[in-house]
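J.: Mind looking over this structure? Questions follow.
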Amino acid sequence: ALVPAVWASWVPGGKALFQGNPAFLLAADAVSVTLVLIGAWHGGVDLRPWGAGLGDWRWWLPRTALALLGCFGLVAVWFWLDPAMAAYYPAQASARTSVAGLLVYCSILSFYMVGWESFWRGSFLFGLARCWGPLPAILCGGLPFFLLHRGKPETEMVGSLVVGCLLSWFCWRGKSMWPGVILHAVLNLSVQVAGYVIRAGGAG
């Protein structure tokens, strides 16, 4: 699931591939999730200790709902302070020109976040925490998470380092990757929609 992010961030011209055809995101994520599930089933591995279960949902569910409410205000202020965000988003070409294209891209992104977070807030976080403890696992995940946002607006890159660590702590405390999936997906969708609305308003 990390292949598209690495490719788009570090391979010359790689970003154009995924911006031109979001189906590549869907295909990469579908393959990765399928392989993980097949491997877990074949090996008799319980994925819940790796963050795939609901964990302490009584703790994280209401707090995730509160964070979602704040997410929309954060995005509004963010776009107002940093015009580069509106210039960058939506990140995919067809999502900039039609509501249908935006909906398709947002749907693909939502599924992609399952694969993305199953690694960062799943196997990476919970696996490394078994060996080194939660704090090193949270901090060690911050830098590569930050680097994979290379090429995006500077405020997003800097924010990804802080938000990535906070999100990892939140998932560790909630004993589940699903708060990360929900929060990251909604934040990502919010910036796509905000960028589209601003572009549509400017065109009008």
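The values are calculated or read from the model by the stated rules, or taken from the named source; none is laboratory data. None of these values were measured; they are calculated from a predicted model. Here Cβ is always computed from backbone atoms with ideal geometry, including for glycine, and neighbour counts include all displayed protein chains. Only protein heavy atoms, including side chains, enter the accessible area calculation; ligands, DNA and RNA are left aside. Shrake-Rupley method; radii C 1.70, N 1.55, O 1.52, S 1.80 Å.
J.: Return yes when C131 is of a type in the set (A, V, I, L, M, F, W, C), loosely packed, with under 15 Cβ neighbours inside 10 Å and free of Cβ contacts under 8 Å to residues at least 24 places away in the same chain and no when it is not.
T.: So C131 fits the description; yes.
J.: Do we find that V197 is open to solvent by 40 Å² or more (accessible area, probe 1.4 Å), hydrophobic (A, V, I, L, M, F, W, C) and within 27 Å of V99 (Cα to Cα) in this structure?
T.: yes
J.: Going by the structure shown, is A30 among the hydrophobic types (A, V, I, L, M, F, W, C) and in contact with an Asp or Glu (Cβ under 9 Å, 6 or more places away or on another chain)?
T.: For A30, the condition - among the hydrophobic types (A, V, I, L, M, F, W, C) and in contact with an Asp or Glu (Cβ under 9 Å, 6 or more places away or on another chain) - is not met.
J.: Considering only residues that are modelled with pLDDT under 80 and in contact with a helix residue (DSSP H, G or I) (Cβ under 6 Å, 6 or more places away or on another chain), which ones fall in the stretch 21-50?
T.: Scanning the stretch 21-50 gives P22, F24, L25, L26, A28, D29, S32, V33.
J.: Whether any residue in the stretch 92-109 is out of contact with any helix residue (DSSP H, G or I) (no Cβ under 7 Å at 6 or more places or on another chain), surrounded by 14 or more Cβ atoms within 10 Å (Cβ to Cβ) and modelled with pLDDT under 90 is what I want to check.
T.: Yes, the stretch 92-109 contains a residue that is out of contact with any helix residue (DSSP H, G or I) (no Cβ under 7 Å at 6 or more places or on another chain), surrounded by 14 or more Cβ atoms within 10 Å (Cβ to Cβ) and modelled with pLDDT under 90.
J.: Same structure, new question: Take the residues in the stretch 81-91 that are at pLDDT 90 or above and surrounded by 12 or more Cβ atoms within 10 Å (Cβ to Cβ), then tell me which one is farthest from G195 (Cα to Cα).
T.: In this case the residue turns out to be D82.
J.: Additional query: If you go through the stretch 61-76 one residue at a time, do you hit one that is among the small types (G, A, S) and within 22 Å of G151 (Cα to Cα)?
T.: yes
J.: Among G53, G73, which is the only one that is part of a helix (DSSP H, G or I), farther than 19 Å from L109 by Cα, at pLDDT 80 or above and of a type outside the set (S, T, Y)?
T.: That would be G73, the only listed residue that is part of a helix (DSSP H, G or I), farther than 19 Å from L109 by Cα, at pLDDT 80 or above and of a type outside the set (S, T, Y).
J.: In the stretch 48-71, which residues are open to solvent by 50 Å² or more (accessible area, probe 1.4 Å) and closer than 18 Å to W116 by Cβ?
T.: W50 - this is the single residue of the stretch 48-71 that is open to solvent by 50 Å² or more (accessible area, probe 1.4 Å) and closer than 18 Å to W116 by Cβ.
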